[in-house]
Each structure stands twice: as structure tokens, then as C-alpha cells.
Amino acid sequence: MSRTTGAEPTAGTVTWPPRWVQPTALVLAVLGLADSVYLTFEHYTGSKTLACSSGGLFNCHAVTTSDYAYLPVGSGVPVALLGLLFFIGITALCLPQLWDRSRGIDLLRLLALGVGVLMVLWLVYVELFKLSQICPYCTGVHVITVVLFGVVAVAEALRPLPVER
Amino acid sequence: MAQRTAKQRRADNTRQAKLAQLKAAERRRRARIWSVFGVIGVIVVIVLIMVGVKLGTGSDNGGPVSNTAAGKVVKKVTSVPASAYATVGAGSLAKGPIAINGGDAITKDGKPEVLYVGAEYCPFCAAERWAVVAALSRFGTWSGVGTTASSSHDYAPDTPTLSFHGADYSSDYISFAGYETEDRDQQPLDTLPSDDQKILQKYDAPPYVDQSSAGSIPFVYYGGKYFSNGASFDPMLLKDMTHAQVATAMHDPSSDVAKAVDGTANSITAAVCKLTDDKPANVCTAPGVKAGAGKLQPAS
């Protein structure tokens, strides 16, 4: 689906997005989707734990069943479900057919991932300072979100600029 | 010749202008790329700062610490009137200790042993200790029980509680072994002897508990007949309370604290009565204990 950008004259013959971007973004989005499916399953099937893990810092069950597993905290929508919906949307936006289809879709992809990164920062804060527990599967989603944001942002930065007439 | 030179000059000028535009566009593109790396760098730095701050705040600030001058609090906790226990019954307790079929009967000094394993940092242990101390005080006498609080950096931070580290218990009916494996700063504290460690490894694991909560604390083992894994109520119930306020609330059967703590104590008492052949009778036949027995869970 890579193509030269629109009708505007561009700098040289650079194509956008670069060939590596689409498969990389799609693979990351699918990995994030699979991870968030697991976390949603864990959230709905795990009973709320009132115990401290002897496993120390790493305890997915404690994280996904804590009060902070909801937004707003303690009630509301499960964060795991929000993550699942997020990655369903991101996977759709990373389908090859939707790259460079319209400027709006490309910006929506970047904006959504930017919001995702802010959410990641909040969740890392909660894990470290509110729960003192780290969920490795959550960390997987966090890393994927940040890397995917980086891929999409770099792709946007590589978009050829129109040459001034 | 002069005309060709003029044409050449115009062509050169056009090429140079085009080249300058391309160079300017390339400069803008590079600036955008560096901006993106800058944003990604900021994200990474924020995460690293959070990890660094977390690692650097291992020690708690403020909050109560273990001491042996907790006499008033312990006295209050161990003198909850029978009428309060009777009124509360099972209180807000959802599930009491779980029965074990054919469990290893552990004894100490010829008496069935109640084994407690927890840690001072753990907020769920903090909640459960109040009920354990209250329940066992109906069978014997505590000494050296200290006051402390759970970690300042965990769920339900600074939950006020008691500590079994350095505590002694004497009873005509049962023995007690309590271990706080880590302090508030999650530094090693008590070490379990191998026989108690074996009990922990066997019964705080599948098939007795879910794989997801295997090894969790607090873990209480009632002489091979019952066990519990986890707290009986949410430590957030004790949020912002002092030790004295918790102890006082345990005497008021209408309080949420009494419904949770006394209710749990009644169920623990019922489990201990299974070890003592319902002795002492005045304790094991008390209405609150009978209500607590109704929350004991069958073996799974």
C-alpha cells in the first residue's frame, strides 16, 4: 500500500509510509491485542484477592483485580476492557489498507496512541506506587503501546513534505 | 555563445533554487524526526524516574513502628465483651477458614498448633491480625504483641495493626507459632523452621488454593483441620484509623470494624474449637462462635 504522497509535489521520490512501518505496526498491534485479550480474561475470571503475593513484586492477579483495575478507580469500567477496546481500534487503524488513505485516519492513529502512552504512564505509576505489584503481561502491553507509538510517530515524521512552489 | 551562457545561468539558478528547497524540506523532515525521538526519550525518562524513585524509597517515612508498649491496645483487643461477640455473630464475614480432610496434625508442647505466616508490610495481614489476636485471646494469654502498620507504599497504606514478631502466647488448649517474614520495609524478619515451612508449602498451594494465590499471605493453619489464605476483610476498612480507634471500635457491635473483625474472630474461634474438642465450653458454645461456625468452609 506504500505510495507516493497525493497530488502535491513531494521531496524526491520518497514513498510513504516506509515499507517497514506497516508490517511492524500491524504485528505490534496484534501482539497488544492478544495480550489485552488475556488480561481481560484474567480480570473477569479472577476473584478479588485479599492477600499479599509471596512472589514479591510480580503478581498479575493482584494488579488486574485491584481497585485500580477500574477507571474511575474502584468502580467504573475495567481498565483491561478499555485496553482490549483500544487495541481492537489500533489493530484496525494499522491495517495496510488504512495507511495514507486519509490524513484524518493517520492523525487519529497517532492521537490514539498518544493517549495510550499517557494511560501507560498512569498505569506504571499505579503499579509502582499504589500497588507495589508489577504485572508482566501489563508491562508487555505498556511496552508494545510505547513502541507502537514510536513507530507511528517516526512514520509521521518521515512523511515527505510538500515542496514549496 | 553569450546566449548559451545566459541560458546556462538561468538553468543553474533554477537548479540551485530547487536544491535549496529540497535541502530546506530535508532539514524540516530531520527536525520532525528528532522531535519524535525527543518525545520518545521523554517518555522513557519519565518511566525511568518513576522506577528510580520507587527503588530509592524503600524505607517508610513516619507511621507507627513495632514496640512493646502497645499494652493498652492489646488489652482492649483481648477484652472484647462476650455480648459484643454475640451481637456481631458472623458480622460482615463472607467466608471463614476452610476445612482440610486428613490434614497434617501439627502440635507443639503436646497441644494442637495454630500456625500464622504473614509479613508486617502486607496490608491484608494487617487486617487479619486483629481478628487472630482477639480470637486466640479467648483460649489463652498474649504477651509481647507489638503495634505496627503495613507498608506506606502498598495497597491500603499504613493500615494500623499488631505484630507477632517477638510475641508469646500461652494457653492450656493450643499452641501458637506466628512468623512475620518481612518487616514494613520488606526486609527479612522471622524465618520459618523447616516443619512449619513444609506446612506452608503444602497447604498454601494447589489443590488447597488456586494457583493464582499460591504462597499468598496471610496464611493461617489450624492444627491440620482448617486453614485460611488471605484476609477476611478489606484493610481499607481501617484506613486512617489509629490502633486505639480500631481496638475501641471492636467493642461497639454496631461499628463496621466490629462486624468485620469480631465476625472474623468468631469464625476463627469456631475453627480453633474444632482443635480443642469445644473447650473451653463457655467460649465454644457462645452464640457468636456458633454463628461464626456457620461461615466455616467445607473442604474443597
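Answer with yes or no whether residue A:88 is within 11 Å of chain B (Cβ to nearest Cβ) and more than 24 Å from residue B:38 (Cβ to Cβ).
Details: within 11 Å of chain B (Cβ to nearest Cβ): no; more than 24 Å from residue B:38 (Cβ to Cβ): yes.
Here the answer is no, as residue A:88 does not meet what is asked.
Filter the stretch A:47-72 for residues that are at pLDDT 80 or above and either facing chain B (nearest Cβ under 7 Å) or farther than 17 Å from residue A:122 by Cα (or both); which is surrounded by the most Cβ atoms within 10 Å (Cβ to Cβ)?
A:52
Does residue B:118 satisfy the criteria of being touching an Asp or Glu at 6+ places or on another chain (Cβ under 8 Å), at pLDDT 95 or above and not β-branched (Val, Ile, Thr)? It would help to see each step written out before you state the result.
Working: touching an Asp or Glu at 6+ places or on another chain (Cβ under 8 Å): yes; at pLDDT 95 or above: yes; not β-branched (Val, Ile, Thr): yes.
Considered against the rule, which asks whether it is touching an Asp or Glu at 6+ places or on another chain (Cβ under 8 Å), at pLDDT 95 or above and not β-branched (Val, Ile, Thr), residue B:118 comes out as yes.
Regarding the stretch A:73-86, can at least one residue be identified that is touching a residue at least 12 places away in the same chain (Cβ under 8 Å) and among the small types (Gly, Ala, Ser)?
Yes, there is a match, as at least one residue in the stretch A:73-86 is touching a residue at least 12 places away in the same chain (Cβ under 8 Å) and among the small types (Gly, Ala, Ser).
Is it fair to say residue B:228 is over 16 Å from residue B:92 (Cα atoms), among the small types (Gly, Ala, Ser) and not in a loop (DSSP other than H, G, I, E, B)?
Details: over 16 Å from residue B:92 (Cα atoms): yes; among the small types (Gly, Ala, Ser): yes; not in a loop (DSSP other than H, G, I, E, B): yes.
Yes: the conditions hold for residue B:228.
The rows are residues; the columns are (1) at pLDDT 90 or above; (2) more than 8 Å from chain B (Cβ to nearest Cβ); (3) touching a Leu at 6+ places or on another chain (Cβ under 9 Å); (4) buried (at least 18 other Cβ atoms within 10 Å of the Cβ).
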| site | (1), (2), (3), (4) |
| --- | --- |
| A:124 | yes, no, no, yes |
| A:129 | no, no, no, no |
| A:132 | no, no, yes, yes |
| A:136 | no, yes, no, no |
| A:145 | yes, yes, yes, yes |
| A:152 | yes, yes, yes, yes |
| A:165 | no, yes, no, no |
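Hey, any hits in the stretch A:73-83 for a residue that's within 13 Å of chain B (Cβ to nearest Cβ) and either under 15 Å from the mean Cα position of the chain (by Cα) or at pLDDT below 90 (or both)? Give the steps one after another, and end with the answer.
Initially, the stretch A:73-83 is screened for residues within 13 Å of chain B (Cβ to nearest Cβ), giving A:73-74.
Checking which are either under 15 Å from the mean Cα position of the chain (by Cα) or at pLDDT below 90 (or both) leaves us with A:73-74.
Taking every residue of the stretch A:73-83 in turn, at least one turns out to be within 13 Å of chain B (Cβ to nearest Cβ) and either under 15 Å from the mean Cα position of the chain (by Cα) or at pLDDT below 90 (or both).
Any residue at all in the stretch B:126-134 that is surrounded by fewer than 22 Cβ atoms within 10 Å (Cβ to Cβ) and either within 13 Å of chain A (Cβ to nearest Cβ) or touching an Asp or Glu at 6+ places or on another chain (Cβ under 8 Å) (or both)? Outline the logic, then answer.
So in the stretch B:126-134, the residues surrounded by fewer than 22 Cβ atoms within 10 Å (Cβ to Cβ) come out as none.
No, the stretch B:126-134 contains no residue that is surrounded by fewer than 22 Cβ atoms within 10 Å (Cβ to Cβ) and either within 13 Å of chain A (Cβ to nearest Cβ) or touching an Asp or Glu at 6+ places or on another chain (Cβ under 8 Å) (or both).
Against the condition among the acidic types (Asp, Glu), closer than 15 Å to residue B:234 by Cβ, in contact with a helix residue (DSSP H, G or I) (Cβ under 9 Å, 6 or more places away or on another chain) and at pLDDT 95 or above, how does residue B:128 come out, does it pass? It would help to see each step written out before you state the result.
Values: among the acidic types (Asp, Glu): yes; closer than 15 Å to residue B:234 by Cβ: yes; in contact with a helix residue (DSSP H, G or I) (Cβ under 9 Å, 6 or more places away or on another chain): yes; at pLDDT 95 or above: yes.
Answer is yes for this residue.
Being surrounded by fewer than 24 Cβ atoms within 10 Å (Cβ to Cβ) and either within 24 Å of residue A:133 (Cβ to Cβ) or hydroxyl-bearing (Ser, Thr, Tyr) (or both) is true for just one of B:172, B:190, B:196. Which residue is that? Give the derivation first.
Values: B:172 fails: either within 24 Å of residue A:133 (Cβ to Cβ) or hydroxyl-bearing (Ser, Thr, Tyr) (or both); B:196 fails: either within 24 Å of residue A:133 (Cβ to Cβ) or hydroxyl-bearing (Ser, Thr, Tyr) (or both).
Residue meeting the stated conditions: B:190.
Any residue at all in the stretch B:43-59 that's modelled with pLDDT under 85 and within 28 Å of residue B:131 (Cα to Cα)?
Restricting attention to the stretch B:43-59, the residues satisfying the condition of being modelled with pLDDT under 85 are B:54-59.
From what is left, the residues that are within 28 Å of residue B:131 (Cα to Cα) are B:59.
Scanning the stretch B:43-59 turns up at least one residue that is modelled with pLDDT under 85 and within 28 Å of residue B:131 (Cα to Cα).
Just checking, does the stretch B:216-230 include any residue being at pLDDT 95 or above, on the phi > 0 side of the Ramachandran plot and among the small types (Gly, Ala, Ser)?
Yes, there is a match, as at least one residue in the stretch B:216-230 is at pLDDT 95 or above, on the phi > 0 side of the Ramachandran plot and among the small types (Gly, Ala, Ser).
Considering only residues that are among the hydroxyl-bearing types (Ser, Thr, Tyr), without any contact (Cβ under 8 Å) to a residue 40 or more places away in the chain and in contact with a helix residue (DSSP H, G or I) (Cβ under 8 Å, 6 or more places away or on another chain), which ones fall in the stretch A:91-138? Explain how you work it out, then say what you get.
So the first thing to find is which residues in the stretch A:91-138 are among the hydroxyl-bearing types (Ser, Thr, Tyr), and the list is A:91, A:102, A:125, A:132, A:137.
So of that shortlist, the ones also without any contact (Cβ under 8 Å) to a residue 40 or more places away in the chain come out as A:102, A:125.
The one that is among the hydroxyl-bearing types (Ser, Thr, Tyr), without any contact (Cβ under 8 Å) to a residue 40 or more places away in the chain and in contact with a helix residue (DSSP H, G or I) (Cβ under 8 Å, 6 or more places away or on another chain): A:125.
Exactly one condition in (1) surrounded by fewer than 21 Cβ atoms within 10 Å (Cβ to Cβ); (2) within 14 Å of chain B (Cβ to nearest Cβ) is false for residue A:102; which is it?
Single failed check for residue A:102: (2).
Count, please, the residues in the stretch B:248-278 that happen to be of a type outside the set (Gly, Ala, Ser) and either over 16 Å from residue B:238 (Cα atoms) or in a loop (DSSP other than H, G, I, E, B) (or both). Spell out how you get there, then give the answer.
First, the residues of the stretch B:248-278 that are of a type outside the set (Gly, Ala, Ser): B:248, B:250-253, B:256-257, B:259, B:261-262, B:264, B:266, B:268-269, B:272-278.
Going one step further and asking which of them are either over 16 Å from residue B:238 (Cα atoms) or in a loop (DSSP other than H, G, I, E, B) (or both), we end up with B:250-253, B:266, B:268-269, B:272-278.
Qualifying residue count for the region: 14.
Per-residue answers, yes or no, for (1) in contact with a Phe, Trp or Tyr (Cβ under 9 Å, 6 or more places away or on another chain); (2) more than 9 Å from chain A (Cβ to nearest Cβ):
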| position | (1), (2) |
| --- | --- |
| B:196 | yes, yes |
| B:204 | yes, no |
| B:213 | no, no |
| B:228 | yes, yes |
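Restricting to the stretch B:222-245, name every residue that is surrounded by 24 or more Cβ atoms within 10 Å (Cβ to Cβ) and over 17 Å from residue A:50 (Cα atoms).
Once the filter is applied, which keeps residues that are surrounded by 24 or more Cβ atoms within 10 Å (Cβ to Cβ) and over 17 Å from residue A:50 (Cα atoms), the stretch B:222-245 yields B:222, B:223, B:226.
Need the failing condition index for residue B:291 against (1) touching a residue at least 12 places away in the same chain (Cβ under 8 Å); (2) surrounded by fewer than 20 Cβ atoms within 10 Å (Cβ to Cβ); (3) farther than 12 Å from residue B:138 by Cβ, just the number.
(2)
The values are calculated or read from the model by the stated rules, or taken from the named source; none is laboratory data. On a predicted model such as this, the values are computed, not experimentally measured, just so you know. Note that we place each Cβ from the backbone using ideal geometry, even for glycine, and neighbour counts take in every protein chain shown.
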